Structure formats: C-alpha cells, structure tokens
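Working notes for the structure below.
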Amino acid sequence: LGSSIYNIALILGVTMVVSPVAIEVPPVVLRIDMIVMVSTVLACVPAFWTGRRLSRGEGAAFAVSYLVYLTYLIAVPR
C-alpha cells in the first residue's frame, strides 16, 4: 500500500511536472471513472472503521462492484 501511494504521488507527480507534453484527460474519465473511484474510496471508509477488517458480505459487495465496473469498461467503447 505504501509503495502504491508513493508511486502515484511522487513518481507520477514528478513525471507530470517535468513532462514537456500535456496529458489530456478525456471528459468521460471525469464523468464516470472519477465518480466510481471516489465512491469506492467513500465505501471503504466505513468498511475499515469496523475493526479494520472486511466481513464476507463487505468483501462480496466490493468484488461484485468491481466486476460490474470491469464489465462496463470492457463493454462500453471509448
């Protein structure tokens, strides 16, 4: 987890600062993907407050939501 946060925050951040080419983010990313990611983070907060462990039901809900999102990514052309 720490390595992932480090890579996203520092390595990707430095790369974006020194890159001479601007990276354009398609509007669909801001509309759909960001909403999914923010709602996933918000769903994790109460799940981890309950003893810092996921129950089977919570784990199943996360797995099903991931499969739905993955199906959406595969089915909808970009």
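A simple spin-label model places pseudo-atoms 7 Å from Cα toward Cβ; at Val64 and Thr40 they are separated by 1.8 nm. Using the rule -39500 (n - 2.57) for each DSSP H run of four or more residues, divided by the residues of the chain, the 222 nm mean residue ellipticity is -19000 deg cm²/dmol.
For the chain, the longest principal axis of the alpha carbon atoms and the long axis of helix 34-49 meet at an angle near 40°. Only one of the listed values, (i) 118; (ii) 91; (iii) 110, was derived from the coordinates as volume of the Cα convex hull per residue in Å³; which label is it? This structure yields the entry labelled (i). Using the Cβ-Cβ distance between Met16 and Arg53 with R0 set to 35 Å, the FRET efficiency from 1/(1 + (r/R0)^6) comes to roughly 0.50. Each label was represented as a point 7 Å from its Cα along the Cα-to-Cβ direction; for Ser4 and Asp33 these points are 1.6 nm apart.
With the highest mean first, a sort of the peptides 35-42, 17-24 on other beta-carbon atoms found within 10 angstrom per residue produces 35-42, 17-24.
Laboratory data are not the source of any read-out in this text; all were calculated from the coordinates shown. Computed from a prediction, not measured in an experiment: that's the story for all the values here. Glycine also receives a Cβ, built like all others from the backbone with ideal geometry; neighbour counts cover every protein chain displayed.
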